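Working notes for the structure below.
Rule-based calculations on the coordinates, nothing more; no lab input. In this text, all values refer to a predicted model and were calculated from it rather than measured experimentally. Here Cβ is always computed from backbone atoms with ideal geometry, including for glycine, and neighbour counts include all displayed protein chains.
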Amino acid sequence: MSDEMLFDFQAVFAKMEYKMIKKRMRQGKVAGAKKGMWTNGSPPYPYIYNRATKQIEVDADKLKIYREIVDKYILGMSTLEIAINLNRRCIAPPYVGKRNKYGWSHVTVHRLLINEIHLGYIIYGKSRNHRGTPQLVDKEDWIKVKGEHEPVKTEEEHEQILARIAQNAIIPRKCRVGTLPLSGLLYCSKCGRRMQFKRRETKNGSYWTAMCVYAYPDGTKCDQVGRKLDDAFYKALYQKITKIDEQTLELVDEINEQYQELQALCEMKQKELAQTEQAIENLFELYEDGKIPKQRLSDRIAGHEKTKAELEAEIEKCKTALASQVNLVTVEMVKRRIDEFKNLWLNATDPSDQNSAFRLLIERIVYDRKDDGLRLDVLYK
Ligand SMILES: [Zn+2]
């Protein structure tokens, strides 16, 4: 046997062995995944891998950031805005080192948002090796099993995320990146469709107009009248937005007052409960000292027990009511948000910055032009 042939034989053998090991590893991984074990290496943010248990666990600090991402996205912030916000606050990105030297990106945020691992699943077999070339496997053929790890988003939230992504996909890219201050925010009052922006050229320069170009299925066009987006328009909008502040603050104040009253009531009932319990104890002491007869003891205890049960039920009700208001916005939160809006707006150097400012605060603006002028209804987030 020549040296050359021997060399080839070894190469072939090595290759066969390598393939076999790989196959076994893959089978091992599949078997592990089927049992709900984590076999995919580095888990996604906010999870961390625990070598001892071979499971992934939630990192409490990272979870706060992750939840913020989900909540903000569902509320209407874009993946780009979320990424910028996280970087501004110097929040460490999921991967350190070269791979993420620029911090969070909208792609990172997008991938985290759509990941099904966060629903508590383990997914395996997204790709396979077919005669030496890696292939993507159809989604239906992925191995998806309920994992042992804790879910960090609900199915409902996941649906909302997917719906928003689908919605974004049909908005023209120019709108998505926010090239105009009101991109994606201005809706027609007559047909409910998103309004479009058109650039007009004149001898004295160019300007933007907002108009509705929607046509109903029967071919008739929406009769909404467009308008020039001049300084007066933006000034009116800015005033409208900041004027609403007062109303919002009043509402928040009112809700907070109710909350405080409820809290005071709860504390009062708890005090009464403590007093009742003390009274019961005192009665037992009196009885033990022979100062009251048994009949009197049981009569009075029965009365106190009834009061005690009533108080406990009322406290429970108060606590439930209080718990439902935990996510209450505070005046400070609203003020901070509006200040942030004003700050962003005043410092905006281009339309895309202005768009970010609007999006921070506003869900949509409904445009309605009548003979007597323009009406803008602002829907807040
Ligand atoms: Zn319309």
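Is there a pair in Lys72/Lys198; Lys198/Lys221; Lys64/Lys269; Lys72/Lys342; Lys62/Lys317; Lys240/Lys342 whose C-alpha atoms are over 23 Å apart, and which pairs would that be?
Checking Cα-Cα distances, Lys72/Lys198; Lys64/Lys269; Lys62/Lys317 exceed 23 Å.
If you take the C-alpha gyration tensor of the range 259-328, multiply each eigenvalue by 5 and take the square root, what semi-axes do you get, largest first, in whole Å?
Computed over the range 259-328, the values are 34, 10, 7 Å.
Could you put Ile165, Ile362 in order, starting from the residue whose Cβ has the fewest other Cβ atoms within 10 Å?
Ranked by crowding around the Cβ, least crowded first: Ile165, Ile362.
If packing is taken as the average count of other Cβ atoms within 10 Å, what order do 61-69, 277-285 fall into, highest mean first?
So the order, starting with the most tightly packed, is 61-69, 277-285.
Among 153-163, 348-358, 72-82, what's the highest-first ranking by average C-beta atoms within 10 angstrom per residue?
Top to bottom by mean Cβ count within 10 Å: 72-82, 348-358, 153-163.
Cβ neighbours within 10 Å, averaged per peptide: list 146-152, 286-292 in order, most packed at the top.
Ranked by mean Cβ neighbours within 10 Å, highest first: 146-152, 286-292.
For each of Cys188, Cys222, count neighbouring Cβ atoms within 10 Å of the residue's Cβ, then give the residues from fewest to most.
Ordered from fewest to most neighbouring Cβ atoms within 10 Å, Cys188, Cys222 come out as Cys222, Cys188.
In the neighborhood of Ile301, defined by Cβ-to-Cβ distances under 12 Å, what is the net charge if each Lys or Arg adds +1 and each Asp or Glu adds -1?
Spelling it out: positives minus negatives among the neighbours equals +1.
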